[in-house]
1. Does any residue of the range 155-162 turn out to be charged (D, E, K, R), within 14 Å of the ligand (Cβ to nearest atom) and either assigned by TED's automatic domain parsing to the domain that holds GLY124 or under 27 Å from THR232 (Cβ atoms) (or both)?
2. Which residues, counting only those in the range 304-325, are without any contact (Cβ under 8 Å) to a residue 24 or more places away in the chain and within 16 Å of the ligand (Cβ to nearest atom)?
3. Kindly list the number of the only condition in (1) within 14 Å of ILE220 (Cβ to Cβ); (2) modelled with pLDDT under 95 that fails for GLY306.
4. Go through the residues of the range 278-285 one by one and say whether even a single one is under 21 Å from VAL321 (Cα atoms), within 12 Å of the ligand (Cβ to nearest atom) and in contact with a helix residue (DSSP H, G or I) (Cβ under 9 Å, 6 or more places away or on another chain).
5. Is it true that MET296 is within 16 Å of the ligand (Cβ to nearest atom) and assigned by TED's automatic domain parsing to the domain that holds HIS225?
6. For VAL247, indicate whether it is of a type in the set (Val, Ile, Thr), closer than 28 Å to HIS155 by Cα and touching a strand residue (DSSP E or B) at 6+ places or on another chain (Cβ under 6 Å).
7. Only one residue in ALA126, ALA121, ALA151, ALA117 is of a type in the set (Gly, Ala, Ser), out of contact with any strand residue (DSSP E or B) (no Cβ under 6 Å at 6 or more places or on another chain) and either under 22 Å from SER253 (Cα atoms) or in contact (Cβ under 8 Å) with a residue 60 or more places away in the chain (or both), so which one is that?
8. On the basis of being more than 20 Å from VAL277 (Cβ to Cβ), at pLDDT 95 or above, away from the ligand (no atom under 16 Å from the Cβ) and open to solvent by 30 Å² or more (accessible area, probe 1.4 Å), does SER204 make the cut?
Amino acid sequence: MSETEALHTRLVGEIEAATDLDAIEALRVATLGKAGSVTGLLKTLGGMSPEQRQDEGPRIHALREAVTAAIAARKAALEGAALEAKLAGEKLDMTLPAVATPAGSIHPVSQVMDELAEIFADMGFAVATGPEIEDDWRNFTALNIPETHPARAMHDTFYFPDRDEEDRAMLLRTHTSPVQIRTMMSQEPPIRIIAPGRVYRSDSDATHTPMFHQVEGLVIDRGIHMGHLKWTLETFLKAYFERDDIVLRLRPSYFPFTEPSAEVDVGYKQEKGRRIVGGNGDDEGHAWMELLGSGMVNRRVIANCGLDPDVWQGFAFGVGVDRLAMLKYGMDDLRAFFDGDLRWLSHYGFGALSVPTLSGGISA
Ligand code: DAH
């Protein structure tokens with residue numbers, strides 16, 4: 001056996017016996033490195049006679065290849081073993097019982113909005129949305145509330161210091177009514193939408209928070225009248241409160257964007273300090289409570305959106321979601337809705353899987 005062959009056997013044996021990655025790296029430097037033994041042998045080829053080189057050349061090249069391959073193989077094996085050991089150490093027993101159960105729940109406001117979407121979807125309404133940062137044209141002017149109108153002052157509006165690209169004042173929308181404008185300007189009638197969302201007013205006490213929630217309703221079609229409005233609201237409130245004895249009273253009122261306008265009261269009675277919706281407000285022990293604003297969409301609003309009011313009519317309504325939630329689920333302080341207190345949330349919250357459906361019971 002030649003010297004080269006002896007070296008071949010020894011080196012490959014040492015590589016295969018290496019027990020860690022550091023040892024492999026040391027062997028690589030000692031053999032294939034600049035001053036390594038195999039590198040040294042390769043250099044001797046230059047000084048050999050052609051016959052000697054023909055004889056030794058293939059052996060030395062084979063040695064280099066064998067050492068390179070042995071190092072790569074051993075390195076891969078050691079790395080694989082290290083990974084196996086790491087995985088074994090990190091093993092999770094999925095059959096163990098959980099230490100804690102997840103505590104998340106659905107906020108009553110989200111739940112009520114889902115309930116409303118479900119009820120109105122059944123009547124053919126789509127859900128529309130608009131931005132919370134609005135311009136004063138959509139929030140006021142297009143809704144027939146001109147600059148000088150006292151209703152602007154009544155809305156306690158949060159304005160931004162800057163104006164938008166169209167030089168309109170920017171504000172946090174004070175109601176969901178601008179979604180009426182956005183919808184009429186972007187969709188062809190017939191239109192049937194509800195628009196739930198956040199609204200903002202600079203106002204704060206037990207029944208007012210600077211941010212609260214409304215749902216807007218809008219129907220635009222041919223030949224729409226107040227009868228459609230009353231039926232829709234009655235059907236909605238019966239489904240929402242899950243009782244048939246809901247009695248409504250439409251009281252003449254004024255909103256710039258509807259003509260005629262009606263405030264809708266619902267009959268209720270007081271029970272254990274709680275308002276229970278249902279029954280006729282004129283009956284003994286009952287009273288009327290104002291619930292929402294509504295009316296026939298003002299011709300000027302329809303025209304502002306580029307539609308012909310001689311062809312298209314409709315009704316609209318707006319209702320406070322937080323108010324609806326308080327009435328149905330019995331909370332008495334609106335501020336608690338936005339405190340983020342986990343005790344309140346776990347008491348009034350809803351399970352993530354109890355999705356409201358008409359068939360399963362809206363609040364089941
Ligand atoms: N936007 C009104 C408010 O925030 C509520 C309202 C009243 C909406 C009458 C309507 C409506 O669509 O027809 O006070």
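The values are calculated or read from the model by the stated rules, or taken from the named source; none is laboratory data. Keep in mind that what you see is a predicted model, and the values were worked out from it rather than measured. Every residue, glycine among them, receives a Cβ derived from its backbone with ideal geometry; neighbour counts consider all protein chains shown. SASA here: full protein model, heavy atoms, side chains in, ligands and nucleic acids out. Shrake-Rupley method; radii C 1.70, N 1.55, O 1.52, S 1.80 Å.
1. If we filter the range 155-162 for residues that are charged (D, E, K, R), which is where we start, we get 156, 162.
Checking the rest, the ones that are also within 14 Å of the ligand (Cβ to nearest atom) come to 156.
Then drop every residue that is not either assigned by TED's automatic domain parsing to the domain that holds GLY124 or under 27 Å from THR232 (Cβ atoms) (or both), which leaves 156.
Yes, that holds for at least one residue.
2. Initial filter on the range 304-325 (without any contact (Cβ under 8 Å) to a residue 24 or more places away in the chain): 308-310.
Once the filter is applied, which keeps residues that are without any contact (Cβ under 8 Å) to a residue 24 or more places away in the chain and within 16 Å of the ligand (Cβ to nearest atom), the range 304-325 yields only PRO309.
3. In the conditions (1) within 14 Å of ILE220 (Cβ to Cβ); (2) modelled with pLDDT under 95, GLY306 misses (2) alone.
4. First pass over the range 278-285, keeping only residues under 21 Å from VAL321 (Cα atoms): 278.
In the following step, the residues that additionally are within 12 Å of the ligand (Cβ to nearest atom) were identified as none.
No: zero hits.
5. Working: within 16 Å of the ligand (Cβ to nearest atom): yes; assigned by TED's automatic domain parsing to the domain that holds HIS225: yes.
The answer is yes for MET296.
6. On the way: of a type in the set (Val, Ile, Thr): yes; closer than 28 Å to HIS155 by Cα: no; touching a strand residue (DSSP E or B) at 6+ places or on another chain (Cβ under 6 Å): yes.
Here the answer is no, as VAL247 does not meet what is asked.
7. Values: ALA126 fails: out of contact with any strand residue (DSSP E or B) (no Cβ under 6 Å at 6 or more places or on another chain); ALA121 fails: either under 22 Å from SER253 (Cα atoms) or in contact (Cβ under 8 Å) with a residue 60 or more places away in the chain (or both); ALA117 fails: out of contact with any strand residue (DSSP E or B) (no Cβ under 6 Å at 6 or more places or on another chain).
Checking each option against the conditions leaves just ALA151.
8. no
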